[in-house]
1. GNM, the chain, Cα, under 10 Å: largest mean-square fluctuation among I75, I243, I178?
2. Quick one: net charge of S262's neighbours, Cβ under 14 Å, K/R +1, D/E -1?
3. Determine the shape class of region 39-446: with a ≥ b ≥ c the square roots of the Cα gyration tensor eigenvalues, call it rounded for a/c under 1.5, and otherwise prolate if a/b is greater than b/c, oblate otherwise.
4. Could you work out how far the C-alpha centroid of region 391-411 sits from that of region 305-377, in angstrom?
5. Past the 23 Å Cα-Cα mark, which pairs from K218/K268; K239/K268; K102/K218?
6. I need the calculated FRET efficiency for the pair S179 and V240, taking r as the beta carbon distance and R₀ as 45 Å, to the nearest 0.05.
7. Which of the peptides 110-121, 130-141 is most tightly packed, and how do the rest follow, judged by the mean count of other Cβ atoms within 10 Å per residue?
8. Order 333-340, 420-427, 282-289, 162-169 from most to least packed using the mean count of other Cβ atoms within 10 Å.
Amino acid sequence: MFKRLLSLLLILGLAASLAALMQLPKTQVGVTNEAKTIRVEPKQPQLICAGPVYVNGGDTGLKLGNFTQSGLAAITGIDGTATIATTTAGHRSLEGQSAASKDFNAIQSQRATQKLAAGLAATNCMPGQNDAWFVAGDNSVGREALLILVNPSQVDASVSLQLLGTDGPIQGTGLSGISAPAGKVTVLPLAAFAPKSATFAVQVSSRGAALGMWLQQKAIRGLTPGGLDLVGPTPAAQKVVQIPGLFIRTAEKLATLAVSDSDYADTKTYLRLVAPGDKEAIFTAQVQGADGTSFGTVIQGTVPAGTVRDFELTDLADGNYIVQITSNEPVMASASFNRIGAGEPDLAIASAVQPTKLDAGFTTAPGAISKLSLVNPGSKAGTFTINGRTVAIPAESNVVVTLAPATSYRLSSTVPIAASTVVDIASAIAVVPVLDYRSVTGQLKVVVR
C-alpha cells in the first residue's frame, strides 16, 4: 500500500514539474488582433462568346427539341496589342492578358441565311455573370425565344428563372434547379415556361459558375425565316433609362408591309418596359433625334407593378434616335425595330445602357456598316475621345460617329455617357452596347480571431 502511494506522489510531482516548465499562451481580454493585409490579384480575364445561331431540329428541322448551332460566327477583337480574328462553329472562351475592356474585348457576328434562321446576330463576347435580366422575348405563333447559357468553367451551375408577363409573374414548374453543366451549353426554349406569350422579361440567377447568358429571338413567317437577334443582359432597373442606337430605316416600306399582312405587325417599332418592383411605374419616354436632324416623339404610360408592357412608337421617320425614359419607379427597358432590304425584314433589339464615365474599348464587326450612338443625359456638357479624336457632346444630347469595319476603338469620356454600336450587314441590323468592364488588383484586410 505504501509503495503504491509513493508511486502516485512521484507521478503527481513529475506532472507538476512539466506544467511549470511549459509556457501557456497569453490571453488578452478586449484586445483585437492586428489586421493582416493580403494582396488580391484579379482572376484570369475571360470573355465568353455564344457562337452561331441555334436552330430547332438541326439544319433539316426534323429533330424537334434538338437545338444545334448552324453556320459560322466571326469573332473580332483585341487582347492588348494582339488582334483577335477567327471564326467558330460553337461557343468559344477567350483567355486574355488584359483586365479591362479598353484592352481586351471582342464582338461576334453572323449574317445568317439558313433555312430556319435569317438575319444578323451580333453581340459582345462578355465576362460571365451570376445574375441577369433580359427585356426581350416573343413566343407567339412563328416566333421563338431561346435562353442560351454557356458554362465554360469546370464547375456545374444551378439556374433559376423568374419570368414577368403582362399579368405579372409567370408561374410554372421547372423554373428552378435547372442544371448548367460544366463545359457545356444549355439551351432553354422559353416557350416551355411562357407558351404563346408575346411580351415578357426574364431574370436568370446562377449558383456556382458564372455563365455567359444571351436571349436569341427568331421569327419565321409561314416557312420563310426573317428576323433574328442575339440579345445580351440589360442593366438593373433605374428611374432614368437610356437606350442608344434606335436607327430607323425603310420605315415607309415596313409600314406598308404591316398593313398588307398582319403577320408583319411585329415589324413596327416598340418600346418594352418592365416594372420589377411592388409599385406601378408611371413613365415618360422621349425619342430624340441625333444632332437635331430628326424629330422623334414623346409617349407617356403606366406599367403595373411586377408586369411588362409594350408601347408602339408611331410616326417615326427614317433617322438616328435614342430613347430616354423617366419614371417615378425603377424600370428596365428595350426598344425593338426592323429594317428591310431586298428580302425579309430583320429584327434588332436595342437594350438600355447605363451611363458612366467611360474608359472602355470595343471592336466593330467585319464587313459591316457600323455607327456609334452616344447619349449624354446629364446637365453638364463634356467631351469623349475615340482613338485619339476628341469630340464635344453637349448636355442632354446625343451624337453619331461613323466607324470603320473590323477595327478596335478606345473610348473615354469626361461625363457619364451611354453608347451602343449599330451594325448593318446587307440591311440586316443589330445593336451592340459598349461595355466598360474592369478587373483590378486590390488589397484586402483580414482579421484572424
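What follows draws every value from the coordinates through simple rules; no lab data is involved. Since the structure is predicted, the reported quantities are computational estimates derived from the model, not experimental observations. Virtual Cβ from ideal backbone geometry, glycine too; neighbours counted across all protein chains shown.
1. I178
2. On the way: positive: R143, R221, K268; negative: D261, D263, D266.
In short, 0.
3. Working: a/c = 1.22, a/b = 1.02, b/c = 1.19.
Because its axes are fairly even, with a/c under 1.5, region 39-446 counts as rounded.
4. 15
5. Values: K218/K268 16 Å; K239/K268 26 Å; K102/K218 32 Å.
Long pairs (Cα-Cα over 23 Å): K239/K268; K102/K218.
6. Numbers: r = 38 Å, r/R0 = 0.85.
For R0 = 45 Å, the calculated efficiency reads 0.75.
7. On the way: 110-121: 22.7, 130-141: 21.0.
Per-residue Cβ counts within 10 Å, averaged per peptide and sorted highest first, yield 110-121, 130-141.
8. Details: 333-340: 24.9, 420-427: 22.4, 282-289: 19.1, 162-169: 16.1.
So the peptides 333-340, 420-427, 282-289, 162-169, ranked by packing, come out 333-340, 420-427, 282-289, 162-169.
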